[in-house]
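A.B. asks: Sharing a structure below in structure tokens format, with a few things to ask.
The values are calculated or read from the model by the stated rules, or taken from the named source; none is laboratory data. Just so it is clear, the structure is predicted and the values come from calculations on it, not from any experiment. Glycine gets a Cβ as well: all are built from the backbone with ideal geometry, and neighbour counts include every protein chain shown.
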Amino acid sequence: MDTIEQGAVHDAADRQWAAGVHLGALLAAFLTHWFAGIAGAAVALAVWFLVRDRHPFAAEHAKEALNFNITMFLGTCIAIVIGIVLFGATVLTLGIGALVTIPAALVLLAVVAAFALAWLVCSILAAIAGWEGKPYRYPFSLRLVR
């Protein structure tokens, strides 16, 4: 978080918004069956618009949550495309391709489960950091909104 000092003290409202944006984005994603970041990104974008002028610390957290949820949305889209390709390969080969596509689909499911768990854990860690008044960077997030 480039614009916020590491040791700065933030008021309670700033910290509540910072924690709330991560939890709100996670809840929105969860309630939409993890499909998949777009609802979380919408929540983060809305919070960013609400707080960007009054709470700079919370605005930085909102941008971070927005970037992370957009990244998760793009990752989900890629996983869906791969799943469709695997299913199509099975159908087009009249089931013979299942020898390859079933193991590949199992690997894909394991990767999706790992990303869902990482999404949950990282969002909770980000909310805790926001509540404590600390900056947070998601470990594998594209920096699309600066």
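A.B. asks: Is there a residue in segment 56-66 that is surrounded by fewer than 17 Cβ atoms within 10 Å (Cβ to Cβ) and over 25 Å from PRO139 (Cβ atoms)?
C.D. replies: For segment 56-66, residues surrounded by fewer than 17 Cβ atoms within 10 Å (Cβ to Cβ) and over 25 Å from PRO139 (Cβ atoms): absent.
A.B. asks: Considering only residues that are modelled with pLDDT of 90 or more and among the β-branched types (Val, Ile, Thr), which ones fall in segment 33-74?
C.D. replies: If the condition is that a residue be modelled with pLDDT of 90 or more and among the β-branched types (Val, Ile, Thr), then VAL43, VAL47, VAL51, ILE70, THR71 are the ones that fit.
A.B. asks: Oh, and also: How many residues, within segment 67-97, are without any contact (Cβ under 8 Å) to a residue 12 or more places away in the chain, surrounded by fewer than 17 Cβ atoms within 10 Å (Cβ to Cβ) and farther than 30 Å from ARG137 by Cβ?
C.D. replies: Result for segment 67-97: 9.
A.B. asks: Right, next: Which pairs have Cβ atoms under 8 Å, sit 6 or more apart or on different chains, and link a residue in segment 37-55 that is closer than 29 Å to ILE80 by Cβ to one that is in a helix (DSSP H, G or I) and of a type in the set (Lys, Arg)?
C.D. replies: Filtered contacts from segment 37-55: ALA44/LYS63; TRP48/LYS63.
A.B. asks: Now for a different question. Could you give me the residue pairs with C-beta distances under 6 Å whose first residue belongs to segment 117-128 and is closer than 15 Å to ALA44 by Cα, whose second residue is surrounded by 14 or more Cβ atoms within 10 Å (Cβ to Cβ) and among the small types (Gly, Ala, Ser) wherever it lies, and which are 6+ apart or on separate chains?
C.D. replies: So the pair list comes out as ALA127/ALA19.
A.B. asks: Hey, another quick one. Checking the structure you have, find out if any residue of segment 80-94 is outside any helix (DSSP H, G or I) and either more than 12 Å from the chain's Cα centre (by Cα) or basic (Lys, Arg) (or both).
C.D. replies: Scanning segment 80-94 turns up at least one residue that is outside any helix (DSSP H, G or I) and either more than 12 Å from the chain's Cα centre (by Cα) or basic (Lys, Arg) (or both).
A.B. asks: Next up: Could you grab me the full set of residues in segment 98-114 that are within 30 Å of PHE30 (Cβ to Cβ) and surrounded by 13 or more Cβ atoms within 10 Å (Cβ to Cβ)?
C.D. replies: Residues satisfying the conditions are THR101, ALA104, ALA105, LEU108, VAL111, VAL112.
A.B. asks: Which of the residues spanning segment 65-88 are touching a helix residue (DSSP H, G or I) at 6+ places or on another chain (Cβ under 8 Å) and either aliphatic (A, V, I, L, M) or farther than 18 Å from LEU117 by Cα (or both)?
C.D. replies: ALA65, LEU66, ILE70, MET72, ALA79, ILE82, GLY83, LEU86, PHE87
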